[in-house]
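Everything below concerns the one structure shown next.
The values are calculated or read from the model by the stated rules, or taken from the named source; none is laboratory data. Remember, predicted model here, so these are calculated numbers, not experimental data. Neighbour counts run over all protein chains shown; Cβ positions are idealised from the backbone, glycine included. For accessibility, only protein heavy atoms count, side chains too; no ligands or nucleic acids. Shrake-Rupley method; radii C 1.70, N 1.55, O 1.52, S 1.80 Å.
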Amino acid sequence: MDAQQQQLALAAIRRHFLFSNFSESELEQMIKSVRLYELKAEQTLFYQEQPADHFFLLADGLVKLFRTAPDGNEKVIEIVSPGQTVAEAVMFMRRAQFPVSAQALKASRVYGIDCGVYYELLQHNVDACMRIMGDLSMRLHSRLNDVFNLTQQNATYRVVRFLASQLPSGAKDGCKFYLNSPKHVIASRLSVKPETFSRLMSTLAQKGVIEVKGREITILSLEQLHQFE
């Protein structure tokens, strides 16, 4: 990266809570090893089981994390938004390999953080250690919730919960939002078939719960939406 790109990377990294306890000198030391990845839509950032020596901070764009089964079927694990980090847990693995693949859903800029450099800084910063432990604990809790919802709840519940999760705080009837990912990607994330996702969205629309115009979703009745949960 040139000097201007380094300054942009430094500003993005400084805002993220995993780096907020590092001093300016520590951040400047880290930024020297940061890589910038400018991805086109559908370009892969890394592959499942590839050796991992970096974790990543998404500056802008959208990235999906997925696993590929032996039969070739793809399961979307997470859709990563700007400001989120990816694969920070790999630096603590005895065998450092990415457990998933990562692919840009649209043009994206990603900063690659050298695991060795970050780990060395952690050894001298207790507060930063506590931050990353908290981050990994929250991710574990989120994955446990995912497992429960995907195994114990039906497809309608999962779709409704997804729609509810897209709403801003204090949302009211008539609230609109846009699906930031293709419907087949969302369907994979919810462990439903694309045609099932489309059918359930149509059912909700027919019942007057939502209105669908392409990727624009309008919640017509929050009360009815929550009745499906």
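Some notes on this structure:
- At least 20 Å along the helix axis (C-alpha) and Kyte average at least -1.0, DSSP helices within the chain: 126-152
- Portion, in percent, of the accessible area of the chain that falls on carbon or sulfur, probe 1.4 Å: 51
- Using the Cβ of Asn180 as centre and a radius below 9 Å, the other residues enclosed give a net charge of +2, where K and R count +1 and D and E count -1.
- The chymotrypsin sites (Phe, Trp or Tyr not before Pro) of segment 1-108 that DSSP puts in a loop, and whose beta carbon has at most 15 other beta carbons within 10 Å, are Tyr47.
- For segment 1-130, the spread of Cα positions along each principal axis, largest first, Å: 48, 33, 20
- Here segment 15-82 is assigned +1 on the Cβ of each Lys and Arg and -1 on the Cβ of each Asp and Glu. Its dipole about the Cα centre then comes out at about 80 debye.
- With viscosity 1.002 mPa s and temperature 20 °C, the Kirkwood radius over alpha carbon pairs of segment 158-229 converts through Stokes-Einstein to a diffusion coefficient of 176 µm²/s.
- Residue among Ile13, Pro51, Met138 farthest towards the positive dipole end of segment 1-146, charges placed on Cβ: Met138
- Rolling a 1.4 Å probe over the heavy atoms of the protein chains gives the chain an accessible area of 55 Å² per residue.
- Each Lys or Arg adds one and each Asp or Glu takes one away; over the other residues whose Cβ falls under 13 Å from the Cβ of Cys129, this sums to -3.
- For the cross-link pairs Lys106/Lys213; Lys32/Lys75; Lys183/Lys207, the ones whose C-alpha atoms lie over 25 Å apart are Lys32/Lys75.
- Taking every Cα-Cα distance in the chain and sorting them into 5 Å bins starting at zero, the pair-distance distribution P(r) comes out as 1, 6, 12, 16, 17, 15, 12, 10, 7, 4, 1, 0 percent.
- Placing +1 on each Lys and Arg Cβ and -1 on each Asp and Glu Cβ, with no other charges, gives segment 119-222 a dipole about its Cα centre of roughly 440 debye.
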